[in-house]
Amino acid sequence: EDKVVQSPLSLVVHEGDTVTLNCSYEVTNFRSLLWYKQEKKAPTFLFMLTSSGIEKKSGRLSSILDKKELSSILNITATQTGDSAIYLCAVEVFNAGNMLTFGGGTRLMVKP
Amino acid sequence: DSGVTQTPKHLITATGQRVTLRCSPRSGDLSVYWYQQSLDQGLQFLIQYYNGEERAKGNILERFSAQQFPDLHSELNLSSLELGDSALYFCASSGGAFGNEQFFGPGTRLTVL
């Protein structure tokens, strides 16, 4: 059974801090790993990492895929209160479709 | 705004009833996915449709069914509802059948009393 585990479960930091969120996976036929941010409702897409694109960056957020260690990290630098959210990691495998297996998420709270 | 729309936003119903959730994908997207998010189970994949055909199936209960129509909108039907079916139901869409990022709709919150 495919498995995605995120750590830590929750994190409280102050504005300006840098945080690193972790995601590890045990799946067969890995295709891609995706990061989402979930605030009040719908998850919003952040990054997609594949064998051909193992590092992505957008503003203060960046992510790296380590295919050897079967893991990924999401870094947020100079955190702001608006970064407070649940961050979800999901893995897609090669099969008939495009289903995503999600981890349990990391709840990040950024205090002013 | 992801471009994926879902109706209704909230639904309150009783055990044993049947409800239909509706989803319209982003313009041009051919794949639609349904996910269930509950406090104890997290975000769980239910089913995927690609251009009208079922493409992948997750742990979807037999009481649940879905379809995608020629205009690409999708409906998720939940019947013989139980208290444990109370959850947020998300629809997502993507351009292709696989290998594409999925964009999520705002969700439908279902409460079964």
From Cα pairs below 8 angstrom and at least 6 apart in sequence, can you work out the relative contact order of chain B, rounded to a whole percent? 37 percent
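What is the projected area of the convex hull of the Cα atoms of the protein assembly as shown, averaged over all directions, in nm²?
Details: hull surface 48.7 nm².
Taking a quarter of the hull surface, the average projection is 12.2 nm².
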Phi to ³J(HN,Hα) by Karplus 6.51 cos²θ - 1.76 cosθ + 1.60 over the range A:42-54, Hz, x for Gly, Pro: 6, x, 10, 5, 10, 9, 10, 10, 9, 4, 9, x, 8
Just to be sure I understand: of the beta bridges DSSP finds with both ends in the protein assembly as shown, what percent are antiparallel, rounded to 5? 90 percent
Using alpha carbon centroids, what distance separates the range A:75-103 and the range A:8-48, in Å? 4 Å
For the range A:70-76, take each phi angle, set θ = phi - 60°, evaluate the Karplus expression 6.51 cos²θ - 1.76 cosθ + 1.60, and give the result in whole Hz per residue in order, putting x for glycine and proline. 6, 8, 8, 10, 10, 9, 10
In the protein assembly as shown, lysine pairs closer than 22 Å at Cα, eight or more apart or cross-chain: 16
Mean separation of Cα pairs under 8 Å and 6+ residues apart, divided by the residue count of the range A:1-54: what relative contact order is that in percent? 29 percent
Note on chain A: contact order normalised by length, alpha-carbon pairs under 8 Å, 6 or more apart, percent, works out to 38 percent
Can you work out ³J(HN,Hα) from phi for every residue in the range B:81-92, in order, using Karplus 6.51 cos²θ - 1.76 cosθ + 1.60 and θ = phi - 60°, giving whole Hz and x for Gly and Pro? 4, 10, 4, x, 7, 4, 5, 8, 10, 9, 10, 10
Sorted by chain and then number, the residues having a modelled amide H within less than 5 Å of the amide H of A:K41, at least 5 places away or on another chain, are none
Loop sites only, by DSSP: take the GluC sites (Glu not before Pro) in chain A that have at most 12 other C-beta atoms within 10 Å and name the longest stretch containing none of them. A:70-112
Looking at the range B:1-87, which trypsin sites (Lys or Arg not before Pro) are DSSP coil and have at most 11 other C-beta atoms within 10 Å of their C-beta? B:K9, B:R18
Output for the range B:1-75: GluC sites (Glu not before Pro) sitting in coil per DSSP, at most 13 other Cβ within 10 Å, listed by number, reads B:E62
Counting other Cβ atoms within 10 Å, which trypsin sites (Lys or Arg not before Pro) in the range A:13-55 have at most 16 and lie in a DSSP loop? A:K40, A:K41
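Every number here is computed from the coordinates shown, using simple stated rules; none is lab data. Just so you know, these numbers come straight off a predicted model, no measurement behind them. Methodologically, a virtual Cβ is constructed for each residue, glycine included, from the backbone with ideal geometry; neighbour enumeration extends over all protein chains shown.
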